[in-house]
Amino acid sequence: MPYHKNKQQAFQAAQQGTAQAENMYQQLSAETPDYGIQLSHLKEEINEAYEQINNALEVASETQRETLEQYRKDLSKIVAQVNIEEQ
């Protein structure tokens, strides 16, 4: 059973990482003096979430795989949005 537990833990880590990145993005405001720092932290959080998703994909069930791919798409949207805002 440890394999199943690792699969679930990997999925939950990816889920949590994506949620944290989304939450951080929602709180991001170009009007604040520490916008650059916030942006830097957001990019780190996104990179970490991508890593967690990739790790989870290695052991994911088919159902989890679909959800993980959606997390990846959600993160890509944030990255695209942040890139647009930076221009």
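The values are calculated or read from the model by the stated rules, or taken from the named source; none is laboratory data. No experiment lies behind these values; they were computed from the predicted model shown. Note that we place each Cβ from the backbone using ideal geometry, even for glycine, and neighbour counts take in every protein chain shown. Note: accessible area is taken over every heavy atom of the protein model, side chains too, but ligands, DNA and RNA are not part of it. Shrake-Rupley method; radii C 1.70, N 1.55, O 1.52, S 1.80 Å.
PRE reach from A30 (point 7 Å along Cα→Cβ): which of the stretch 50-87 fall under 20 Å by backbone N?
Backbone N within reach: 76-87.
Could you state the angle between the C-alpha long axis of helix 62-86 and the longest principal axis of the C-alpha atoms of the chain, as a value from 0 to 90 degrees rounded to the nearest 10?
10
Which angle between 0 and 90 degrees, to the nearest 10, do you get for helix 35-59 versus the longest principal axis of the chain when only C-alpha atoms count?
Rounded to the nearest ten degrees, it is 10.
At a 1.4 Å probe radius, which order do T67, T18 fall into by accessible area, largest first?
On the way: T67 50, T18 0 Å².
The ranking, largest first, comes out as T67, T18.
Over the stretch 1-71, with the other protein chains present, what is the accessible area per residue in square angstrom, probe 1.4 angstrom? Could the numbers behind the result be given before it?
On the way: 4670 Å² over 71 residues.
Roughly 66 Å² per residue, with all protein chains present.
Using a 1.4 Å probe on the protein heavy atoms, what percent of the accessible area of the chain belongs to carbon and sulfur?
Ligands and nucleic acids excluded, carbon and sulfur give 49 percent.
Per q in 0.17, 0.31, 0.32 Å⁻¹, report the Debye log10 I(q)/I(0) for the stretch 1-55, using one uniform scatterer on each alpha carbon and no solvent.
-0.56, -1.11, -1.14
In degrees from 0 to 90, rounded to the nearest 10, what is the angle of the helix 2-27 Cα long axis to the longest principal axis of the chain?
So the inclination is approximately 10 degrees.
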